[in-house]
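S.K.: Structure provided below as structure tokens; questions to follow.
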Amino acid sequence: MINSIDTNQLLTILDLSGVWAFAVSGALTAMQKRMDIFGILIVAFGTSFGGGTIRDILINRPVFWLHNETYLYILFIATPVAIIFRNYLQYLRKALFFFDTIGLGVYTVIGMQIGLTWGYSPMLGICLGTLTACFGGVVRDLLCSEIPLIFHREIYATICVVGGVAYTLMMYFGVSENVNVLVTMAGIIFTRFIVVRYNLSLPAIHLHDNMPHA
């Protein structure tokens, strides 16, 4: 069934799903900050399109949402839906985490696929995938006056890098592209759930002050 789906169709579905997930993530964060409707929409926009826009500018690719209005339609549907059903999301932080994690997995794969399609090496593809997945969240957190999650001790961008490496290895071993896409995305999502569930983190590095004080 998976192999019967055209890869481009699969990636398009995942791409639109990522826009939806990050739009909801941004809207929920903005509502936590008690923003008005316009503010919520701006944060949702930055979260959904921030990483992909930076990626496209870096590789001199037409910015994706400027050449396909479907992305904007998804944004304009997802944001009001998040607002309307906000009272049904009793655990706002859990809902935010869920949608942010879905977007993280989807956009890592999408960014890496675009990098490889445009002729970049797997290493640069991993970088583009990580950028695509993480920088929408950076834009969201900055707009909401929060320290970006990527700079916290929680393992966030590292998961995207590991997912990209796994994707590359499966590609070299001849795994079907559709299976590779789905396994990588599911692995990133599952890994982040485990990381947060067990409070795993990278060690913090401190600079010791050995200078004598006056």
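The values are calculated or read from the model by the stated rules, or taken from the named source; none is laboratory data. It should be emphasised that the depicted structure is a prediction, and the values quoted were computed from it without experimental measurement. Ideal geometry is used to build each Cβ from the backbone, glycine not excepted, and the neighbour counts take in all protein chains shown.
S.K.: List the pairs whose first member sits in segment 127-145 and is in contact (Cβ under 8 Å) with a residue 40 or more places away in the chain and of a type outside the set (Val, Ile, Thr), whose second member is part of a loop (DSSP other than H, G, I, E, B) and surrounded by fewer than 24 Cβ atoms within 10 Å (Cβ to Cβ), and whose Cβ atoms are under 6 Å apart, counting only residues at least 6 apart or on separate chains?
M.R.: From residues that are in contact (Cβ under 8 Å) with a residue 40 or more places away in the chain and of a type outside the set (Val, Ile, Thr), the pairs are 141/148; 144/33.
S.K.: Could you tell me whether segment 7-23 includes any residue that is in contact with a Lys or Arg (Cβ under 8 Å, 6 or more places away or on another chain), modelled with pLDDT under 95 and farther than 16 Å from residue 111 by Cα?
M.R.: No: zero hits.
S.K.: Does any residue in segment 65-89 that is in contact (Cβ under 8 Å) with a residue 24 or more places away in the chain come within less than 8 Å, Cβ to Cβ, of a residue that is surrounded by fewer than 15 Cβ atoms within 10 Å (Cβ to Cβ) and assigned to a helix (DSSP H, G or I) six or more places away or on a different chain, and which pairs are these?
M.R.: Partner pairs satisfying both residue conditions: 83/37; 86/92.
S.K.: Looking at this structure, is residue 63 surrounded by 13 or more Cβ atoms within 10 Å (Cβ to Cβ), β-branched (Val, Ile, Thr) and within 15 Å of residue 157 (Cα to Cα)?
M.R.: Values: surrounded by 13 or more Cβ atoms within 10 Å (Cβ to Cβ): yes; β-branched (Val, Ile, Thr): yes; within 15 Å of residue 157 (Cα to Cα): no.
Against the criterion (surrounded by 13 or more Cβ atoms within 10 Å (Cβ to Cβ), β-branched (Val, Ile, Thr) and within 15 Å of residue 157 (Cα to Cα)), residue 63 does not qualify.
S.K.: Among the listed residues 23, 44, which satisfies the condition of being free of Cβ contacts under 8 Å to residues at least 40 places away in the same chain, crowded, with 23+ Cβ neighbours inside 10 Å and of a type in the set (Gly, Ala, Ser)? Don't jump to the end; show me each part of the working.
M.R.: Values: 23 fails: free of Cβ contacts under 8 Å to residues at least 40 places away in the same chain.
One residue alone meets the criteria, 44.
S.K.: If I ask for residues that are at pLDDT 90 or above, loosely packed, with under 15 Cβ neighbours inside 10 Å and not aliphatic (A, V, I, L, M), which ones from segment 81-117 would you list?
M.R.: Across segment 81-117, the qualifying residue is only 117.
S.K.: So, of the residues in segment 164-201 that are polar (S, T, N, Q) and surrounded by fewer than 17 Cβ atoms within 10 Å (Cβ to Cβ), which turns out to be nearest to residue 13 (Cα to Cα)? Step through it out loud before you land on a result.
M.R.: Residues of segment 164-201 that are polar (S, T, N, Q), as a first pass: 168, 176, 178, 180, 184, 191, 199, 201.
If we keep only those that are surrounded by fewer than 17 Cβ atoms within 10 Å (Cβ to Cβ) too, we end up with 176, 199, 201.
Numbers: 176: 18, 199: 32, 201: 32 Å.
Taking the candidates together, the pick is 176.
S.K.: Filter segment 146-163 down to the residues that are out of contact with any Cys (no Cβ under 8 Å at 6 or more places or on another chain) and in a helix (DSSP H, G or I), then identify the one that is nearest to residue 123 (Cα to Cα). First the steps, then the outcome.
M.R.: Initially, segment 146-163 is screened for residues out of contact with any Cys (no Cβ under 8 Å at 6 or more places or on another chain), giving 146-149, 151-155, 158-159, 161-163.
Imposing the further condition that a residue be in a helix (DSSP H, G or I) reduces the set to 149, 151, 158-159, 161-163.
Numbers: 149: 23, 151: 22, 158: 14, 159: 15, 161: 9, 162: 11, 163: 12 Å.
The residue in question is 161.
S.K.: While we're on this one: In the set 10, 14, which member is in a helix (DSSP H, G or I), in contact (Cβ under 8 Å) with a residue 12 or more places away in the chain and farther than 29 Å from residue 86 by Cβ?
M.R.: 10
S.K.: Can you tell me which residue is farthest from residue 197 (Cα to Cα) among those in segment 131-143 that are hydrophobic (A, V, I, L, M, F, W, C) and buried (at least 18 other Cβ atoms within 10 Å of the Cβ)?
M.R.: Selected residue: 143.
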